[in-house]
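The values are calculated or read from the model by the stated rules, or taken from the named source; none is laboratory data. The model shown is predicted, which means the values in this text are computed figures rather than measured ones. We place every Cβ from the backbone using ideal geometry, glycine too, and count neighbours over all the protein chains shown. With ligands, DNA and RNA removed, areas are computed over all heavy atoms of the protein, side chains included. Shrake-Rupley method; radii C 1.70, N 1.55, O 1.52, S 1.80 Å.
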Amino acid sequence: MDGGKMERRNIGGLINSISRLLHLVSCHTGKTAVTNEFKCIAGMLKPLKCILDEAFGSPFPWDERLVTAIEELDMAVNEARDFLEKGPYRLGKIYSLTRSSEMASSICSSAMRICQLFSDLLPSYSFPSLLSATQQCMRELKCRERDGLSELIVVAQKDLDNNLVPSVENILKIAESVGLASNGELLMESIALEKERLRLETKHNPESLDMINQMIQLVLHIRYLVAKLEKYSSINGVVIPPHFRCPLSLQLMLDPVILASGQTFERSFIQKWLDNGLRICPMTHQNIQHTELVSNYTVKALISTWCEENNFMLLESRICDEIMSPFTASPSQRRESSARSNAKPINRAQLQKIEISDVDREEENPYYTSHLQMQSTYSLDRRSSSTRSGSNSSVISSIDVLASKFDDQLSSPFSKDVGPSPSSNFSRTNSSNITRDDSTTSSDVEKLVEGLKGPNPDTQATCAYELRLLSKNNGENRVLVAKLGAIRPLISLIHSEYTDVQENAVTALLNLSINNENKALIAEGGALQPLIYVLESGTPVAKENAAATLFSLSTLEEYKVKIGGSGAIRALVELLHTGTLRGRKDAATALFNLSIHHENKARIVQAGAVRYLIELMDPGTGMVDKSVALLANLSTIHEGRLAIVHEGGIPLLVETLETGTQRGKENAASALLQLSINSTKFCSLVLQEGAVPPLIALSQFGTPRAKEKAQQILGHFRSQRENIVRKAR
């Protein structure tokens, strides 16, 4: 081997890889177990990098073994950087810690080998300082201790594999150290592991699959022990019967429902499980045939009787759509009610219900991807925009683009169920006399479905209108209408030349799509191309509802891929450009959800969305926050960053840092962070726009997420300045 060029190329590549990993680690300021493991990795690599920097320009004898060792370490460092960039917590806390510990051991072993080879090859009389630094680095690497927490996890796994009961003290220490001491954290951990298990099953990776299964068993054991804690197992000293406690929440059930597997759960917790796309029972691990939840009135009555016998009072005022405390009465109301009945109200603190914002907050789980929450972010019930609750925050890709950025401020695409226009060529008063309430019968719906298939456009419009209203607010009607075969006829009417027929058909499909099972029926029934046809040539109202329907379908992960590849993105981008305000909002909503799937980001950029999003950052449009949220997501890919800069987005993003809403500032900071850390040129442009003062203000007075992003950008600016000063010397 040539004693110069090839060796220097290899060592230069390793130096670059280490520098990138060190920078990435420095941007993560949290104190999680995984972050600490990566800080240990950085501590190992820093002195080695100094040795490599000196060796890079030194003429010393090379060896084939040294070149091989450098290549191996380069691969290990790049693997660790890739793992950290993608967000380790998407895999679950325990699995992420185990993986990061394995990477640390691999990097330590490779670094030791390189130092040993340097020590053997370097003549002491020629390279005294380099030899001394190498020997000091070796001593430090030998003194490195394996993370005690990782050792505890390994020991617990071995015990479980050997059908032994792990130490209770060790299990509780693992749970506390990694942050799995509450029901909400355990739920999110189980969801993350199950999703990774499903992914690995498709990859045919038996080794990793075995590890995931071990982690799942460990989490189940942690759940079992946490459930034994007094705060979950009893109320005011009274032990809760095990069959009255939800296996997921670990607490007394207030709204027990039966899953298709026959197991009973608290509604809000099992709904969270299902909303993340999991189609297996958390207890039996069997596949479930459907996701409908049936109230378990028997268990609910037994719980009520038990509460009465133990002189507890359950206050029923409850928001069932969120994982929240079920007791919403004020303290004074509880005291008054208690005084009247001589009962003991169950204390909110004793039940320790976890709000959904607590389960998912970034301080606890800074890397959870959109995939854990975006499925359930929007309320799909189209009663009215005023009834919509705030969405749950979640993290998208490697930046924190929240679904709630859209949800609180996009008027919901599901809140504008419109009827035929005044010019429609049929009279509603002459429409079918079916009552749209709980008394709707199968024969009523069958008549309407037959009317859809008839040749008369007036009858078609009337029947589509009736089906639309039937499915507007009633979940059972949605199931019934789909079961009786309305979906395919409605899809066929999308191509109708009569606008009232088309509008009502599209809107009926939108309302039916609120049901998850119906989503699949609509998509598989061939609705995608007809919906694209409406986006391109329909009436404004039809276009709006077609975009909203595509959003609804895209809440299921597999349809993000199918919709992205169907040509819908270009039509949605065109609606973003030329549509009504409502149409633009609906298009932005659909594009945002589609952008969660990585491949769709490039499609959105290539369709020209960035230009229109930049234009919509004008405060007069009322779409600043929505535009910035989508731009932040697109900034995670190279094409997106180029388009943002080319279209003049940096000044507007900096302006949003100064004058935007809290959510707008968070997303603007996320986008600017991506621009800065991925391009020295773009970083300079951000600095030139005067970003430092608003970033300093944001780092002090912003939301926790905004503070973190601002601090990361400012830290990157400091690093850039230090590099410039170092080079000048």
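Considering (1) within 25 Å of residue 292 (Cβ to Cβ); (2) open to solvent by 60 Å² or more (accessible area, probe 1.4 Å), say which one residue 260 fails and leave the rest.
So residue 260 meets the others, but not (2).
Within segment 200-222, does at least one residue satisfy the condition of being in a helix (DSSP H, G or I), charged (D, E, K, R) and touching a residue at least 24 places away in the same chain (Cβ under 8 Å)?
The answer is no, given that none of the residues of segment 200-222 is in a helix (DSSP H, G or I), charged (D, E, K, R) and touching a residue at least 24 places away in the same chain (Cβ under 8 Å).
Can you report the number of residues in segment 608-641 which are within 19 Å of residue 705 (Cα to Cα) and either open to solvent by less than 20 Å² (accessible area, probe 1.4 Å) or free of Cβ contacts under 8 Å to residues at least 12 places away in the same chain (or both)?
Of the residues in that region, 11 qualify.
Quick check on this structure: which one of 568, 609 is among the aliphatic types (A, V, I, L, M) and more than 17 Å from residue 637 (Cβ to Cβ)?
It is 568.
Could you please give the count of residues in segment 517-530 that are open to solvent by less than 30 Å² (accessible area, probe 1.4 Å) and either closer than 22 Å to residue 290 by Cβ or in contact with a Ser or Thr (Cβ under 6 Å, 6 or more places away or on another chain) (or both)?
Our first condition is that a residue be open to solvent by less than 30 Å² (accessible area, probe 1.4 Å); within segment 517-530, this holds for 518-519, 522-523, 525, 527-528, 530.
Checking which are either closer than 22 Å to residue 290 by Cβ or in contact with a Ser or Thr (Cβ under 6 Å, 6 or more places away or on another chain) (or both) leaves us with 518-519, 522-523, 525, 527-528.
The qualifying residues number 7.
Of the conditions (1) assigned to a helix (DSSP H, G or I); (2) surrounded by fewer than 20 Cβ atoms within 10 Å (Cβ to Cβ); (3) small (Gly, Ala, Ser), residue 190 fails just one. Which one is it?
(2)
For segment 33-52, give me each residue that is open to solvent by 20 Å² or more (accessible area, probe 1.4 Å), in contact with a helix residue (DSSP H, G or I) (Cβ under 8 Å, 6 or more places away or on another chain) and not hydrophobic (A, V, I, L, M, F, W, C).
39, 46, 47, 49
Each row is one residue, and each column tells you yes or no for (1) of a type outside the set (Gly, Ala, Ser); (2) surrounded by fewer than 16 Cβ atoms within 10 Å (Cβ to Cβ).
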residue	(1), (2)
138	yes, no
144	yes, yes
159	yes, no
182	no, no
201	yes, yes
206	yes, yes
224	yes, yes
228	yes, yes
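Per-residue answers, yes or no, for (1) basic (Lys, Arg); (2) modelled with pLDDT of 80 or more; (3) in a helix (DSSP H, G or I); (4) at positive phi:
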{"residue": "59", "(1), (2), (3), (4)": "no, no, no, no"}
{"residue": "62", "(1), (2), (3), (4)": "no, no, no, no"}
{"residue": "69", "(1), (2), (3), (4)": "no, yes, yes, no"}
{"residue": "73", "(1), (2), (3), (4)": "no, yes, yes, no"}
{"residue": "76", "(1), (2), (3), (4)": "no, yes, yes, no"}
{"residue": "80", "(1), (2), (3), (4)": "no, yes, yes, no"}
{"residue": "84", "(1), (2), (3), (4)": "no, yes, yes, no"}
{"residue": "89", "(1), (2), (3), (4)": "no, no, yes, no"}
{"residue": "94", "(1), (2), (3), (4)": "no, yes, yes, no"}
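Among the residues in segment 658-680, are any hydrophobic (A, V, I, L, M, F, W, C), over 23 Å from the mean Cα position of the chain (by Cα), open to solvent by less than 50 Å² (accessible area, probe 1.4 Å) and within 23 Å of residue 640 (Cβ to Cβ)?
First pass over segment 658-680, keeping only residues hydrophobic (A, V, I, L, M, F, W, C): 668-669, 671-673, 675, 677.
Now restrict to residues that are over 23 Å from the mean Cα position of the chain (by Cα): none.
No, segment 658-680 contains no residue that is hydrophobic (A, V, I, L, M, F, W, C), over 23 Å from the mean Cα position of the chain (by Cα), open to solvent by less than 50 Å² (accessible area, probe 1.4 Å) and within 23 Å of residue 640 (Cβ to Cβ).
Considering 650, 677, 644, 696, which residue is in contact (Cβ under 8 Å) with a residue 40 or more places away in the chain, part of a helix (DSSP H, G or I) and not small (Gly, Ala, Ser)?
The conditions single out 677.
Scan segment 275-314 for residues that are open to solvent by less than 10 Å² (accessible area, probe 1.4 Å) and either of a type in the set (D, E, K, R) or without any contact (Cβ under 8 Å) to a residue 60 or more places away in the chain (or both) and jot them down.
If the condition is that a residue be open to solvent by less than 10 Å² (accessible area, probe 1.4 Å) and either of a type in the set (D, E, K, R) or without any contact (Cβ under 8 Å) to a residue 60 or more places away in the chain (or both), then 281, 303, 307 are the ones that fit.
What single numbered condition from (1) open to solvent by 10 Å² or more (accessible area, probe 1.4 Å); (2) over 30 Å from residue 543 (Cα atoms) fails to hold for residue 691?
Result: residue 691 passes all but (1).
Go through (1) open to solvent by 40 Å² or more (accessible area, probe 1.4 Å); (2) within 23 Å of residue 213 (Cα to Cα); (3) at pLDDT 80 or above one by one and return the number of the condition residue 112 breaks.
Answer for residue 112: the failing condition is (2).
Within segment 699-722, which residues are open to solvent by 50 Å² or more (accessible area, probe 1.4 Å) and free of Cβ contacts under 8 Å to residues at least 24 places away in the same chain? If you could, list the steps in order and put the result at the bottom.
Start the filter on segment 699-722 by keeping residues that are open to solvent by 50 Å² or more (accessible area, probe 1.4 Å), which leaves 700-701, 704, 707, 711, 718, 721-722.
700, 701, 707, 718, 721, 722 - these are the residues of segment 699-722 that are open to solvent by 50 Å² or more (accessible area, probe 1.4 Å) and free of Cβ contacts under 8 Å to residues at least 24 places away in the same chain.
Report yes if some residue within segment 162-180 is touching a residue at least 40 places away in the same chain (Cβ under 8 Å) and closer than 16 Å to residue 213 by Cα; otherwise report no.
Looking only at segment 162-180, we keep the residues that are touching a residue at least 40 places away in the same chain (Cβ under 8 Å), and these are 166, 168, 171-172, 174-175, 177-180.
Applying the additional criterion that residues be closer than 16 Å to residue 213 by Cα yields none.
No, every residue in segment 162-180 fails to be touching a residue at least 40 places away in the same chain (Cβ under 8 Å) and closer than 16 Å to residue 213 by Cα.
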